[in-house]
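> Sharing a structure below in structure tokens format, with a few things to ask.
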Amino acid sequence: MIETTSPLDTQRLATLEDVLGVTLPQDYRGYLLEHNGMGFEKNAFEVFKGEYSIIHHVCRISNDNDYFDLINSYKNGKSIDHEEGRKFLIIADDNVGNDIMLSLAADSFGEVYFYDKDTIGTKCIKLAQSFSEFRSSLFDLQDISVYENTVDEALDKKDLKLLERALQQGYDIENLDKYSRNLLERSVITGDID
């Protein structure tokens with residue numbers, strides 16, 4: 001996803017920092033000055049082992065105070081305190097509305113976190129030590145296999161030949177998936193295989 005943005009008004013950057021009460025981390029500040037919220041070529045990231053998400057909107061500094069304007073969203077409470085009063089600035093969201101946030105707290109300043117709005121309990125998951133590290137960790141979702149094994153792929157794609165190959169290579173039909181279901185139960189849930 002790449003979107004174009006208007007050139008950054010440096011006075012607006014200074015205003016944002018005044019509102020926040022901090023000077024932004026150099027890497028994020030540099031990104032705003034150079035790209036001002038332009039989307040990333042690669043936009044997928046790993047939330048935790050085997051769980052991925054996709055950046056949907058990237059916040060920016062705009063002159064018209066639109067919804068994704070950093071100053072507007074901060075003033076309207078979009079960036080709020082999470083977990084023991086740590087202060088965050090929402091810098092993006094994912095394709096289901098979860099937040100990607102930059103920590104402004106002294107003990108984690110500049111770190112990037114994921115805020116899962118649907119999880120009960122700990123909702124903030126650390127993604128990277130810095131904005132630069134986060135950007136460099138982004139990838140194309142097509143670059144990874146979302147399947148834990150060949151059987152998962154075969155069931156999802158309803159590919160009988162792929163399933164047959166997995167069985168010939170010794171896949172045990174009594175193996176249980178992470179939900180404690182064997183191959184027969186998973187097949188019934190998935191539906192008919194062509």
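Computed from the coordinates by the stated procedures, all read-outs in this text should not be read as laboratory data. Source: prediction; values computed, not measured. Quick reminder, even Gly has a Cβ in these numbers, built from the backbone with ideal geometry, and neighbours come from all protein chains shown.
> Tell me, what HN-Hα J-couplings in whole Hz come from the Karplus equation 6.51 cos²θ - 1.76 cosθ + 1.60 at θ = phi - 60° for each residue of the range 9-24, using x for Gly and Pro?
Values per residue, Gly and Pro as x: 8, 4, 5, 5, 4, 4, 5, 4, 5, 5, 4, 6, x, 9, 8, 4 Hz.
> Further question on the same structure: What full-extension length gain, to one decimal in nm, is calculated for residue 182 and residue 117 as 0.36 nm per residue of separation minus the Cα-Cα distance?
Full-extension gain reported as 20.3 nm.
> Okay, next question. Quote to one decimal, in nm, the extra length available between residue 29 and residue 14 on full extension: 0.36 nm per residue of separation minus the C-alpha distance between them.
Working: separation 15, 0.36 × 15 = 5.40 nm, distance 1.03 nm.
Extending this stretch completely gives an extra 4.4 nm.
> Between residue 136 and residue 64, what's the calculated FRET efficiency when r is the beta-carbon distance and R0 is 22 Å? Round to 0.05. It would help to have the intermediate numbers written out before the result.
On the way: r = 31 Å, r/R0 = 1.41.
Computed FRET efficiency for residue 136 and residue 64 comes out at 0.10.
> Could you give each residue of the range 111-118 its phi-based ³J(HN,Hα) in whole Hz, using Karplus coefficients 6.51, -1.76, 1.60 with θ = phi - 60°, and x for Gly or Pro?
Using θ = phi - 60°, the values come out as 6, 10, 10, 10, 10, 8, 6, 9 Hz.
> Under 5 Å between amide hydrogens, which residues at least 5 positions from residue 69 or on another chain qualify, with H placed 1.01 Å from N in the peptide plane?
60
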